[in-house]
Amino acid sequence: MKSVMIAVRVSLLFMIVCGLIYPLATTGVAQVLFPKQANGSLIESGGTVIGSELLAQNFESPKLFHPRESAAKYDPTASSGSNTVVASSDYAAAMAEKIAALKAENPTLTEIPADLVTVSGSGFDPDLSPEGAKAQVPRISKETGITANELNDLIDRMSKERQLGIFGEPRVNVTELNSELLKQVKL
């Protein structure tokens, strides 16, 4: 009976320490040191939260930059990749369909960046390559009246380089890019 009581007390102690004190301490430290990240890396425009730097959103307007396709249909509760076998005929047919749709939407497109037709691994990749964003410039320029040079400058300004100069690839966050674009154009 004595060993059962010891086990119960140790269990209660660890529940309090690991389930209450530790989470509250780490949350407090995160709020002090990294408040933006601790609160979801939210993007605001005009005092309204329009999204997160960490999650892709679907933008369908021809006046806006489009993100990578999401296998989860941009539903944050359903993270998933496509799990499609690259060597399959289904994959080849899906790629041909995506390329045709992309060319129909962007008729001047000659070179197609891979990230415009491939699905994000998690289904929520918020970033595009600068090339993927620039491939959409002619369509957006035609729809908005903003010059291609202005749109390319916007992409260059919003692009992020490799982390520490060696990790990752250059990228641009589509939600942030569209937020800046919306300041210049009316939908």
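The values are calculated or read from the model by the stated rules, or taken from the named source; none is laboratory data. Fair warning: this is a prediction, and the values are worked out from it, not measured in the lab. In this analysis, Cβ positions are derived from the backbone assuming ideal geometry, glycine residues included, and neighbour counts consider all displayed protein chains.
Only a single criterion out of (1) in contact with a helix residue (DSSP H, G or I) (Cβ under 8 Å, 6 or more places away or on another chain); (2) closer than 18 Å to Asn178 by Cα; (3) hydrophobic (A, V, I, L, M, F, W, C) is not satisfied by Phe124, namely (1). Residues in region 142-169 that are assigned to a helix (DSSP H, G or I) and surrounded by 18 or more Cβ atoms within 10 Å (Cβ to Cβ): Thr144, Leu151, Leu154, Ile155, Met158. Does any residue of region 102-118 turn out to be under 13 Å from Leu64 (Cβ atoms) and among the aliphatic types (A, V, I, L, M)? The answer is no; no qualifying residue exists.
Quick grid of which residues meet (1) at pLDDT 80 or above; (2) under 24 Å from Val174 (Cβ atoms):
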position: Val4; (1), (2): yes, no
position: Val10; (1), (2): yes, no
position: Thr27; (1), (2): yes, no
position: Asn39; (1), (2): yes, yes
position: Ile50; (1), (2): no, yes
position: Glu69; (1), (2): yes, yes
position: Thr77; (1), (2): no, yes
position: Ala93; (1), (2): yes, no
position: Ala101; (1), (2): yes, yes
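Being in contact with a Gly (Cβ under 9 Å, 6 or more places away or on another chain) and closer than 22 Å to Ile140 by Cα holds for only one residue in Ser70, Ser61, and it is Ser70.
Every listed requirement among (1) more than 16 Å from Lys63 (Cα to Cα); (2) not in a strand (DSSP E or B) is met by Val172 save one, (2). Summed over region 170-187, residues that are surrounded by 11 or more Cβ atoms within 10 Å (Cβ to Cβ) and farther than 23 Å from Pro113 by Cα total 3.
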